[in-house]
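Here's the structure, in structure tokens; my notes come after.
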Amino acid sequence: KMCIEKQKVCDGIPDCFEGEDEVGCAETCASRGAFKCKSGKKCVPMTSRCDGIKECDDGSDELDCDRCAPDALYCPLDKRCFPALAKCDGMRDCQDGSDESDCDCHSCMGLHTNTYSCGASRHCFRRDNVCAPYSLCPNATVEDKLFCATRAVQQTIF
């Protein structure tokens, strides 16, 4: 016998004493034109689907996407969306690694800290991961090799 705000109905969080606000939500999501998260009972607005930001706890709102919002990163092989800053951040988000290739110097090193931009391949790595102990850069340039050699020398000194 209490009132709650309409957006709290079917949000995956029981606000009523016996959880009545979360009953019958599959139909409610569809009737509201919302997306129902695969796990749980949470509904998210369709405008939040494939926008690169996980609103569902399981991330299901960013799966099985044909395209993403303009300011998101799209992985065509995975059919997943990630935040735009995931592009060229040195961490492989897309299954095929396409989010770390074809990166210019600014997108790799200017937008992120602790990244390394390979000279010839325009590929981004985390600085701590680019040398194992030799350069992992595809078609490593002299500069790429020198970077790893310098790191190896620094690590043996310290």
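Before I look further, what does the chain give for accessible area per residue, probe 1.4 Å, in whole square angstrom? Kindly include the intermediate steps, with their values, before the conclusion.
Working: 9980 Å² over 158 residues.
I get 63 Å² per residue for this part.
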Proximal lysines relative to residue 6, as straight alpha-carbon distance under 29 Å, when same-chain residues fewer than 8 apart are discounted: 36, 38, 41, 42, 54
Helical mean residue ellipticity (222 nm; -39500 (n - 2.57) per DSSP H run of 4+; nearest 500) of the chain: -4500 deg cm²/dmol
Stretch gain in nm, segment residue 39-residue 5, where the contour uses 0.36 nm per residue and the Cα spacing is subtracted: 9.9 nm
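Which percent of the accessible area of the chain is formed by carbon and sulfur heavy atoms (probe 1.4 angstrom)?
Details: 5610 of 9980 Å².
Summing carbon and sulfur atoms, their accessible area is 56 percent of the total for the chain.
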Global size of the chain as Cα Rg and Dmax, reported in angstrom: 22.1, 73
Hits among aspartates and glutamates - C-alpha to C-alpha of residue 8 under 20 Å, sequence gap 8 or more where chains match: 18, 20, 21, 22, 27, 55, 57, 58, 61
The chain: relative contact order in percent, alpha carbon pairs under 8 Å with at least 6 residues between: 10 percent
Exposure rank, largest accessible area first [134, 74; 1.4 Å]: 134, 74
Amide H contacts of residue 141 (H built 1.01 Å from N, under 5 Å, at least 5 apart or other chain): 119, 120
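Determine the dipole magnitude for the chain: charges of +1 sit on the beta-carbon of Lys and Arg, -1 on that of Asp and Glu, nothing else is charged, the reference point is the Cα centre, and the result goes in debye to the nearest 20.
Values: 20 positive and 28 negative charges, 67 e Å.
It comes to approximately 320 debye.
Expected output is a single nm value to one decimal: the length gained when fully extending between residue 58 and residue 154, i.e. 0.36 nm times separation in residues minus the C-alpha distance. What is it?
On the way: separation 96, 0.36 × 96 = 34.56 nm, distance 4.17 nm.
Residue separation times 0.36 nm, minus the Cα-Cα distance, leaves 30.4 nm.
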Distant-in-sequence amide H partners of residue 73 (H built 1.01 Å from N, under 5 Å): 82, 84
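The values are calculated or read from the model by the stated rules, or taken from the named source; none is laboratory data. Predicted model only: the values in this text are computed from it and were never measured. All Cβ positions, glycine included, derive from the backbone under ideal geometry; neighbour counts span all protein chains shown. The area values use the complete protein model at the heavy-atom level, side chains included, leaving out ligands, DNA and RNA. Shrake-Rupley method; radii C 1.70, N 1.55, O 1.52, S 1.80 Å.
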